[in-house]
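The structure appears right after this line, and notes come after that.
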Amino acid sequence: MRTAALIVAAGRGSRACGPLPKQYARIGGLPVLARAMAAFADHPGIDLIQVVIGGGDATLYKSATASASAKLLAPVEGGATRQASVRNGLRALRTHQPGRVLIHDGARPFVSADIIDRVLAALSDAPAAIAAVPLADTVKKEGPDRRVAATLERAGLWRAQTPQGFGFADILAAHEAAYAAGHVDMTDDAAVAEWAGLPVALVAGSEANRKLTTAEDLAMADRLCAGAPDVRTGSGFDVHRFTAGDHVWLCGVRIAHTHGLEGHSDADVGLHALTDALLGAIGDGDIGQHFPNTDPRWKGAPSHLFLAEAAERVRRRGGNIGNVDVTLLCEAPKISPHREAMRARIAHILAMDVGRVGVKATTTEGLGFTGRREGIAALASATVIIAPHPSA
Ligand code: MG
């Protein structure tokens, strides 16, 4: 049975961050919505992701989801209320016939895999299950003049969170029936299910799984993300053989030489190794996958395009490049006269400080194919610092 995640991000609420709806505000370098989506994209129990966005938010959505998961469906537009937005999303999911759906607020970026697990597990025994936390604060009822009229019994009270899980057919039917009956202002989907008579199970959410509503929430979330950096490293290796020619491209610098390097692109072995190091640091395939040498678009292409695209992929993943380091292995040409130009060129392509770019070279003492001057090899490494997803 397939399980869909329906993420509601159609709200206009912008009191948190000025002109931008809060789901597009960045925390720890990544949009709130992108973090909420990642939890479902990374979860093996989720097969499809449908996002409901606000009218006019297509561009914001596109930039927030640039490194899209294969599970992600094209977004649909929301309606005038949250309930109408969910209904639109459910209707869009009909063609995919999921067995179950988990409905989640796009402004809850800290939903964890554990919470998703618990909701999914509860759905095997109950037609509906929601994440929730027991109320910890004492609840006051307001009377006239902002005076307390009563203290309410808090035992047995829970705050509903999302995800809220349902049998797909059940919740779709409940939403359609509620709409037809003129009930249009229910603030969560469990209320729609309860109205339709479905029993709803409570499972443990977490305090971290809070909905970000105010500027204070966003600031706190940003600090949380900044807490413990998630540092990745990647490595790359490449070889190109010498051929007839009068220059080579190495680390983005044209160097006059007795030979050229053979390759589909400009054969810049240093930038190729470095591109793979960046892709490796974020687990995003390799240069051959993104720029196949069977594609005529890359015939003779300058390799800074590959490196810039890898850097863009790092950025979209919420990453900052910490440092990069390239080692060129060859007997000739001599690298040291060009080292500073290479470092500056790489720093420029990656938009980073030159102090974070290393370029080194070595011969292989006449040994092997590089020693026999048959080609040039390059090694590269990179660190990428990704703003982490705080655990619940
Ligand atoms: Mg290559």
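Laboratory data are not the source of any read-out in this text; all were calculated from the coordinates shown. None of the values given here were measured: they were computed from a predicted structure. A quick note on method: Cβ atoms are made from the backbone with ideal geometry, for glycine too, and the neighbour counts reach across all protein chains shown.
Numerical summary
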quantity	calculated
Residue exposure sequence - D217, D57, D117 - by fewest surrounding Cβ within 10 Å	D117, D217, D57
Check: region 3-224 dipole with +1 on Lys, Arg Cβ and -1 on Asp, Glu Cβ, in debye	480
Estimated FRET transfer efficiency (D117, H290; beta-carbon r; R0 30 Å; 0.05)	0.35
Net charge dipole size for the chain [Lys, Arg +1 and Asp, Glu -1 on Cβ; Debye, nearest 20]	620
Environment charge of G78, counting only residues whose C-beta is closer than 10 Å and scoring Lys/Arg +1, Asp/Glu -1	+1
Per principal axis, descending, Cα span of region 3-224 in whole Å	51, 39, 34
Region 265-312: relative contact order in percent, alpha carbon pairs under 8 Å with at least 6 residues between	53
Within the chain, helix-based [θ] at 222 nm, where runs of 4 or more DSSP H residues each add -39,500 (n - 2.57), nearest 500	-8500 deg cm²/dmol
Region 282-333: radius of gyration over Cα atoms, expressed as a fraction of 2.2 N^0.38 Å	1.37
Acute angle (nearest 10 degrees) that the helix 113-122 long axis makes with the longest principal axis of the chain, alpha-carbon atoms	40
Net charge, K360 excluded, C-beta distance under 9 Å - Lys, Arg +1, Asp, Glu -1	0
Shape call, region 230-386: gyration tensor on alpha carbons, a/c limit 1.5	prolate
Per-q log10 I(q)/I(0), the chain, q = 0.06 Å⁻¹ (Debye; single scatterer per alpha-carbon; no solvent)	-0.34
Relative contact order, percent, the chain [alpha-carbon distance under 8 Å, six or more residues apart]	17
Potential lengthening between R12 and E309 on full extension [0.36 nm per residue; Cα-Cα distance subtracted]	103.7 nm
Residue-span extension gain [A344 to L367] - 0.36 nm each, minus C-alpha spacing	5.2 nm
Amide H within-cut-off set for A128, under 5 Å, with H built and near neighbours excluded	A201
Sites excluded, GluC sites (Glu not before Pro) in DSSP loops with at most 10 other C-beta within 10 Å, longest stretch of the chain	154-364
Acute angle (nearest 10 degrees) that the helix 339-350 long axis makes with the longest principal axis of the chain, alpha-carbon atoms	20
Degrees between helix 269-281 axis and first principal axis of the chain (Cα, 0 to 90, nearest 10)	20
Stretch gain in nm, segment H183-E77, where the contour uses 0.36 nm per residue and the Cα spacing is subtracted	36.1 nm
